[in-house]
Amino acid sequence: MKTHTLPLLLSCALFLVGACTSMPPEIRNFSAVDIPYQPVSQNAETYKDAPVRWGGTVIEVENETDFSLIQILFYPLDRNGYPQTRKLGEGRFAVEVSEFLDPAIYTKGVEVTVIGTVKGNIERTVGNKTIHIPLITAKTIHLWPQSYREDNLYRYGPYPGYYGYGHPFFYNGYYRPYRFWW
C-alpha cells in the first residue's frame, strides 16, 4: 500500500504547484524576453523584430480602415504579467493590431498586457510636441478585468486573518483577546 501512495502524493503535489500560477495562458505561452522599456524607446531599430511582453494602461485607441492603433502607458509587469500601476509609468508605446478595437471596451485607464514584436518607432503628437514612441505589432492583447485588480488588493493586511492595529483585539501591536491583560 505504501508504494501506491508515493505516486499519488507526487501527482497531487504537481497539480497544486501547477494551480498556483495565475498568468493567463495567452500571455504565459509565449517565449518573450523581458526587454526593458528605456533601451527600446531610445533606439527601437536595434530591437526590431524582438519579441516582447509589455503592459500598461490604455491612453487612446485609433481605428483606421485596415488596422487599429492603441497607445499605452508602460508599466513593468509583475510575475503574473499584470501591469504594476503603483509604480511610475516609464513612457508611451503604441500597439498595432490588424483587427478593430472597440474604444468602448479599450477605454482610457484599462490595464492590458501585450505580446508582440518590436516594429520600430512611430511619431505621435502630445499637446504641441511631436514624440517618437516604440511601435509593437501585437500577436495578443490581454485585457485585464476590473475584478482582477480588486481581488488582488490587500483589504486588511499582508495575509489572511490580519486585521491591523484598528481591530479591537490589537493594541499597540500586541494581540489582546481580553479587555484586561494580567
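The values are calculated or read from the model by the stated rules, or taken from the named source; none is laboratory data. Everything numeric in this text was worked out from a predicted model, so none of it was measured. A quick note on method: Cβ atoms are made from the backbone with ideal geometry, for glycine too, and the neighbour counts reach across all protein chains shown. Side chains included, ligands, DNA and RNA excluded: accessible areas come from the protein's heavy atoms. Shrake-Rupley method; radii C 1.70, N 1.55, O 1.52, S 1.80 Å.
Listed by chain and number, the lysines placed with their C-alpha closer than 22 angstrom to that of Lys48 are Lys119, Lys139; residues fewer than eight positions away on the same chain are left out. Amide H contacts of Arg92: Phe74, each under 5 Å away and 5 or more positions distant or on a separate chain (H built 1.01 Å from N in the peptide plane; Pro and chain starts excluded).
Here the 3J(HN,Hα) profile of region 77-90, calculated from phi with Karplus coefficients 6.51, -1.76 and 1.60 at θ = phi - 60°, is 9, 8, 5, 9, x, 8, x, 8, 6, 7, 8, 6, x, 9 Hz, Gly and Pro shown as x. Among Ser41, Ser68, Ser98, the order of accessible area from largest down is Ser98, Ser41, Ser68, computed with a 1.4 Å probe on protein heavy atoms. Peptides 74-80, 44-50 ranked from most to least packed, by the mean per-residue count of other Cβ atoms within 10 Å: 74-80, 44-50. Near the amide H of Val110, within less than 5 Å, lie the amide hydrogens of Val58, all on another chain or at least 5 residues away, with H placed in the peptide plane. Ser98 sits among other residues whose Cβ lies under 13 Å from its own Cβ, and their net charge, with Lys and Arg +1 and Asp and Glu -1, is -2. Dividing the C-alpha radius of gyration of region 54-130 by 2.2 N^0.38 Å, with N its residue count, gives 1.09. For Gly120, the residues whose amide H sits under 5 Å from its own are Leu135, ignoring neighbours fewer than 5 places away on the same chain, with H placed 1.01 Å from N.
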